[in-house]
Structures are given as C-alpha cells and as structure tokens.
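Student: Dropping the structure in here first, questions after.
The values are calculated or read from the model by the stated rules, or taken from the named source; none is laboratory data. In this text the structure is predicted, and so the values were computed from the model without any measurement. FYI the Cβ positions are ideal-geometry reconstructions off the backbone, even for glycines, and counts take in every protein chain you see. The protein model used for the area step is the full one, side chains on, heavy atoms only, and it has no ligands, DNA or RNA in it. Shrake-Rupley method; radii C 1.70, N 1.55, O 1.52, S 1.80 Å.
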Amino acid sequence: MSARTEPNYARSLLVNCMTVSLAALVLACEPADAAGDPGALIDVVMTGRVGVVLDEFPAGSRDRAAELFLAKPLAFWEARARRQTRMTNYRLAFRQFFHDDKLQLPLPPDAGLHYEFAGDGARRDSVDGHDVVVIDYTLTGTLLGDVASIPASEPALVDVGGTWEEPFVLPLDPEYLRQRTGYACVDEEDFPPDSSDEENIADFFDHECDVEVAPDYACHLSEPRPTESCVDALHDHVGAVDTVVRFERRAWDPQRADEVRLGEVTTPDAPDLAVVGDVIGSSARLVYRYIAPDSCTMREGCVGGSGWRRLLQFDASVQNVGGADLHLGEVDYYGEGVDGELAAHNIYEYSDCHQHYHFRFYGDFAYATDEHAEGFKQSFCLQTTSRAGNHEKSPLNTPYGSCDYQGIAAGWGDDYIAGLDCQWVDVTDVAVPGASVTAPLVFTSNPDRFLCEGAPVLDDAGARRYEPTDLRTETGAAIERPMCEFSSGWDGNNVGERPVEIPAVGSYVTAACDREQEGPLRNCGFAEQTAAIACNAGETVELGCTIPAGAAPMAVRVCPVSAVLGVPLACTYVHALGTGVVDDGAMTTVRFTCPAPLAADEPGGEVSLFTAPLLRSDPGVEVACMPL
C-alpha cells in the first residue's frame, strides 16, 4: 500500500481525465459514451453475515443474553449490518492506494443501500469458536454517476454487463472492535497518531493491516502496536466474514436513474458547500483527555489550558452540493517539501509540531452557552472522502484523494470524525448550574471565505488571483485569499447546529446507549458508584469484588480522578485502569496500577468505580470491592 501523500495521482489531474496509467488515460479521455447516455448505472451486491459475540458474558447469563438478541427486530439487525458495511468505506474511498492503476469506486450513499435478511431470521451459532447470534443478509444498491469517470475507477465496468468483485474480510460483530482487537485493523497512515478510538474505528478499518516492525510502520502509528494481523485478530477475537462487493454495469435506464438518484444540486455550474447538520448532534460525545503542557494540542491553541480537559467531540461533514468541483490544488510541490501555490500565499502553514501543513479556515465550532465556548477546526487536509450524491454530475472518482492535491468533488463530501485532534469544543470551563445544561452546538463552514463557492477570479493567463487580508500566520506573515465571485446565497447552507446536553459529571460512558449495546465492553450506561478511593500512587492494587446473592452480573470499571476538576473521570473500556465482570456467587479480582502524579496539582493516588449491569434490562446493584 502506498502512502496517501504520494504525488502521482495529483499530477494526473486533467479536468475529468485522471491518468493512473497510459491505458487508463486513453479510456478516461474518450467521449462520454458512444450511445450518448447522460449517465451510468452500476448495480452493487454484497452477501453478508452480521452478529453479536457473546463471549464476554458469564456462562450462567449467556443464554439469557442470546435470547435477548434472538428476539431483536429486523431494525436492530439492519442498523448493525449498516455499521458493518461502513467498514468497506476506507478501502473504497482510498482505493487508489490499494490498486496500482485504479481510482475510487464507492458504494452508493447510505440512503441508497437496501438490506434483505434471511427468512429464517437470527440464529445462535459458533463462528471461529465464538458463541454468537447471527443473521445472513444481502445488500443491494445502484450507483448513478457520470460515464467519463468509469474507466479510471474500474476498466472492467466500461462495457454494459461488465463486472468487478472487490474482496473484504469484515468483523462478524462490528461493535467493540477496538476493545477486542486493539489497533490490529486500524490503518492510520497519514493521520495523526491516536486519531482512532473505540467509537470511530469503522472509519479506519483495513483488513490488510499486518504486524509491523520499526521503521516500516504503515498502518500502525499509535501504541500499543498489535502483535497479530487484522485477519488473525478477527478470527481469534470476533469472528471473520469473507465476502466481496460485486459491481455490475447495467444498460442506461432513465426510470431506474430516477429511482436511485440522491442528493440536491443547488448550483449546476459552481461548487456549493453545505454543512450536514444531522451528524453534529447525533455524533456528539463528551470525553476527558489529559493535555500535556508541551503537546501539539496545547501549542496550537486547541484547548483552553493544559491538564485534564473536558472536550465535546463530534463529527463534522461538509458536502459539495454544487455541480462543479471545489478546487484548492497543490499545498506543496508533490510532497517534495517545497511550498506550492497555497502555502506560498500562507493559506496553508507548515506545522513543525505535527510535521504537516495546516489549513486554519475550514470552519468554526461553538457551544453556545452564556460562556460561549468556542473552537476552530485545525484542518490538515481538505479531501474528498465520501460520495454523498448519487447523480450524473457526481463522478465515481476524484483527483482530491490525497493531502497533496486538495478539494471536494461535486457530489462528494469531506468528513472530519470525532476523535481527531482539535475536532472538539473545549467545555472544561462551561458552567453547569444543575444536573446538566443544554445548548446549541454550532458548526460554521468557510467563515473567512477562503473556499470559493462560486467562480474563481483569474488573471489573463488563467491563474487564480489573490487578495490581501488582515489575517496573519503564527509567525506574522500576511495571508492572502483566493479571489472569488461567490454564487448568490452561497452561505445559506454553511451553518449547522443541534442542541447537545452536557451533564455536570460524567462522559459519554455515563450517557444512555443509543445502539442497544450490551455487555461489559460497552461505553454507555455506566454509573458512578464511588467518587474517590485512595491508593498509593504507582503501586499495583488488587480489589476483591462481589455482588449480593441472586443478583445479575455487573461490570466494574476503575477510572482516574482529577484533583483540579474535582470529579471522577468516567473512562472508556480501553482507557480504564482496571475492569472486571462480577458474577453471583464468586469473587472477582480487579487489578490496576494506582495513578501516578501527572503534575504538581494532579498528584494521583485516587481512583473511582463505575458500574453497570451486563444486560441493561437487569437491575443494577452495588458492587462491593475491598483491597486484597
């Protein structure tokens, strides 16, 4: 797999003729279609199997858990299948780096995917030695796009009736993949370390990731680095599903095109960015993160201070709903470290801390309480990552697939997922007078008009013209803006907001579960049991934990406490100091290392306990934990 900063694809831009090889160039530059069809239709089919792994439930309660999932309606299984299908996106969106001579070939947008489940419904089974409840399904959909982009995406689909199969190995259970397999299936290449977490792992899934050793790191940048390949980890810890996505070119059919067409086109001859408001509130999650004083996050102003910070993370998605590409171009000269046009005008500034360019004008965030906590999007790459439209003006591939050559193609979107550095609003200092506070979470795209949502102003030679601004880089250099004749009403869809509730104490781990998650690995539905337990900093501690006789099993999680914030830090499974499942009639030993000092005002030596019933429908009981 090539690094996504390699320049050969950026060099290939010739309007809609992307050259990835001489053969692809000849095909891509031919007339749209000998039959003169206005678009192309490609059917997509994938047979799959999705399930729930029951291994983490004690033997005495596993049958009850299985019965609960066997009784789930098809809506539950469809949501789970969609989460599994999402794990094909990474390899399809960055497909040019997995094939030597091909570009992107996406699935239809989510609204255009349809699932048909086996008539016999869900069943209990064993897969790769795992106790599971599974259901079989067939996914279908139809891509609608332009004709000209097909050859560079997949030459096998140039002719009507042509087919192509793209192979995948997917997790049988798409939940808790990070908890079960660590970073084994995470491809972080060209992303900052620690970008992937327990919630966003589907956006980094790559089944070809293997065990890597220094200095040949490609998939794995974060610690701890895995000791088994993704495929082995799936078989060992989750259950693996071998499948293919089958693409088939079909004859042009205007009626079928009308049935599958998705996405508006607001300005047929110009780009138009639209904030996708629905993803803002639905993806928002509250987390705690310790920020070191010398960290890049601190040096670049992404938080209000160092130490433990309370951060409101969320996804931000901007789609180009216009009929033309939003073009930025070269940041540097094909990855050679020489300033390109955008960097030469200081629109992009090289970060010595992160070792890549930053674009500061992507958007602004705010949590609009009386304190009005604000943030800015520290964008490092304006990149086409998802095909949101399904229509004739939206190509199947784009030249904006790497960070060297940037822009957003017509009908495509740029998605920034919760978990990336600075993809948050720091709400540490937001006052919560009662149990919680609710306020709008606001995302404003293109606030400084650096992205041309209209027609660029060109000089006599056809080059973009720039205008001075009052803005300055961190080193004091003047920043110049590309001149643009903006379309009428261009900013009417550039703001999205959703109400978000922030509790006085807790994180998304203590919030309600929104995907019907069960079991000890989930990061929802936990409650604080003890606010603070003293221990000797740096020492190994063993707790013996029990529950009352006859009680349903409970999960217990040991989390740190912040002396500065004065609250226990509701932690995720991966970041917990210790975890355990406490069953009726037995003592469970929970081991952890007592937190060491982080700073003079964070001396360590305290932990808190959070607990939850394994099945959310069971009544929670107190878990009694005593030092051993």
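Student: Counting Lys and Arg as +1 and Asp and Glu as -1, each charge on the Cβ, what is the dipole of segment 450-583 about the Cα centre in debye, to the nearest 20?
Tutor: 360 debye
Student: Can you tell which of Cys545, Thr572, Thr593 lies farthest toward the positive end of the dipole of segment 515-617, using +1 and -1 charges on the Cβ of basic and acidic side chains (Lys, Arg; Asp, Glu)?
Tutor: Of the listed residues, the answer is Thr572.
Student: Net charge within 14 Å of Leu458 by Cβ-Cβ distance, Lys/Arg positive one each and Asp/Glu negative one each, not counting Leu458 itself?
Tutor: On the way: positive: Arg464, Arg465; negative: Glu341, Asp459, Asp460, Glu467, Glu485.
Computed value for this residue: -3.
Student: Non-local amide H neighbours of Tyr350 (under 5 Å, H modeled in plane, Pro and chain starts lacking H): which ones?
Tutor: The answer is His358.
Student: Probe of 1.4 angstrom, ligands and nucleic acids ignored: what's the accessible area per residue over segment 485-628, in square angstrom? Before the final figure, lay out the partial values.
Tutor: Values: 6460 Å² over 144 residues.
Here the residues of segment 485-628 average 45 Å² of exposed surface.
Student: Also, quick follow-up: Just from the alpha-carbon atoms, what are the Rg and Dmax of the chain in angstroms?
Tutor: 25.5, 84
Student: As a check on your grasp of the helix formula, calculate [θ] at 222 nm for the chain: sum -39500 (n - 2.57) over DSSP H runs of n ≥ 4, divide by the residue count, round to the nearest 500. Kindly include the intermediate steps, with their values, before the conclusion.
Tutor: On the way: 12 runs with 78 residues, N = 628.
Counting only the DSSP helices, I get -3000 deg cm²/dmol.
Student: Another question about this same structure. Can you tell me the relative contact order of the chain? Whole percent, Cα pairs under 8 Å, sequence separation 6 or more.
Tutor: Details: 1527 pairs, mean separation 82.4, N = 628.
Answer for the chain is 13 percent.
Student: Once you list every other residue whose beta carbon is under 10 Å from the beta carbon of Thr181, what net charge do they have if Lys and Arg are +1 and Asp and Glu are -1? List each step's numbers first, then the result.
Tutor: Numbers: positive: Arg178, Arg180; negative: Glu228, Asp232, Asp236.
Combined, the nearby Lys, Arg, Asp and Glu give -1.
Student: Report, to the nearest whole %, how much of the accessible area of segment 548-620 belongs to carbon and sulfur atoms, 1.4 Å probe, protein only.
Tutor: Of the solvent-accessible surface of segment 548-620, carbon and sulfur hold 55 percent.
Student: Run the dipole for segment 223-370 about the Cα centre, Lys and Arg Cβ at +1, Asp and Glu Cβ at -1, nothing else charged, and hand back the magnitude in debye, nearest 20. Show your work: numbers first, answer last.
Tutor: Working: 12 positive and 26 negative charges, 116 e Å.
I would put it at about 560 debye.
Student: Okay, moving on. Arrange the peptides 322-329, 398-405 so that the one whose residues have, on average, the most other Cβ atoms within 10 Å appears first. It would help to have the intermediate numbers written out before the result.
Tutor: On the way: 322-329: 21.4, 398-405: 25.2.
Highest-to-lowest ranking by the protection proxy: 398-405, 322-329.
Student: Of the options Ala504, Tyr367, Tyr137, report the single residue whose Cα projects farthest towards the positive end of the charge dipole of the chain (beta-carbon charges: Lys, Arg +1; Asp, Glu -1).
Tutor: Positive-most Cα among the choices belongs to Ala504.
Student: On to the next question. Enter the angle in degrees (range 0 to 90, nearest 10) between the Cα long axis of helix 74-85 and the first principal axis of the Cα atoms of the chain, meaning the one along which they spread out most.
Tutor: Long axis of 74-85 versus the principal axis of the chain: about 60 degrees.
Student: What ranking, highest mean first, results for peptides 610-623, 526-539 when packing means the other Cβ atoms within 10 Å averaged over each residue?
Tutor: Numbers: 610-623: 18.2, 526-539: 15.4.
Order by mean packing, descending: 610-623, 526-539.
Student: Let me ask another. Hey, what do the phi angles of segment 246-255 turn into as Karplus ³J(HN,Hα) couplings, whole Hz, using 6.51/-1.76/1.60 and θ = phi - 60°, x for Gly and Pro?
Tutor: My calculation for segment 246-255 gives 9, 9, 9, 6, 10, 5, 4, 9, x, 5 Hz in order.
Student: Expressed as a whole percentage, what fraction of the accessible surface of segment 60-118 belongs to carbon and sulfur atoms when a 1.4 Å probe is rolled over the protein heavy atoms?
Tutor: Working: 1140 of 2330 Å².
In segment 60-118, the share of accessible area belonging to carbon and sulfur is 49 percent.
Student: Once both axes come from the Cα atoms, what is the angle between helix 59-70 and the longest principal axis of the chain, in degrees from 0 to 90, rounded to 10?
Tutor: The answer is roughly 40 degrees.
Student: Would you kindly state how much longer the chain becomes between Glu622 and Ala435 on full extension, computed as 0.36 nm times their sequence separation minus their alpha carbon distance, in nm to one decimal?
Tutor: Values: separation 187, 0.36 × 187 = 67.32 nm, distance 2.22 nm.
Gain in length upon complete extension: 65.1 nm.
Student: Tabulate in residue order the Karplus-calculated ³J(HN,Hα) for segment 149-155, using 6.51 cos²θ - 1.76 cosθ + 1.60 with θ = phi - 60°, rounded to whole Hz; enter x for Gly and Pro.
Tutor: 7, 4, x, 6, 6, 7, x
Student: Show the residues, 5+ positions off or on another chain, whose built amide H is closer than 5 Å to the amide H of Glu188.
Tutor: His220, Leu221
Student: I've got another one for you. Farthest toward the dipole's positive end in the chain, which of Thr85, Ala148, Trp412, given Cβ charges of +1 (Lys, Arg) and -1 (Asp, Glu) about the Cα centre?
Tutor: Of the listed residues, the answer is Thr85.
Student: Order 126-134, 565-573 from most to least packed using the mean count of other Cβ atoms within 10 Å. Intermediate results must be reported in sequence, preceding the final value.
Tutor: Numbers: 126-134: 18.1, 565-573: 20.7.
Highest mean packing first, the order is 565-573, 126-134.
Student: While we're looking at this one, here's another question. In whole Hz and in residue order, list the ³J(HN,Hα) couplings for segment 582-594 that follow from phi through the Karplus curve 6.51 cos²θ - 1.76 cosθ + 1.60, θ = phi - 60°; x for Gly and Pro.
Tutor: Working through the residues one at a time gives 9, 9, 5, x, 8, 9, 10, 8, 10, 10, 7, 9, 4 Hz.
Student: Just to confirm a number: summing +1 for Lys and Arg and -1 for Asp and Glu over residues other than Thr572 whose beta-carbon lies under 14 angstrom from that of Thr572, what do you get? Walk me through the numbers on the way to the answer.
Tutor: Values: positive: Arg178, Arg180, Arg285, Arg289, Arg522, Arg557; negative: Glu175, Asp194, Asp197, Glu198, Glu199.
Charge balance near Thr572 sits at +1.
Student: Once you charge only the Cβ atoms, +1 for Lys and Arg and -1 for Asp and Glu, what is the size of the charge dipole of the chain about its Cα centre, to the nearest 20 debye?
Tutor: Numbers: 43 positive and 100 negative charges, 241 e Å.
Once rounded to the nearest 20, the dipole reads 1160 debye.
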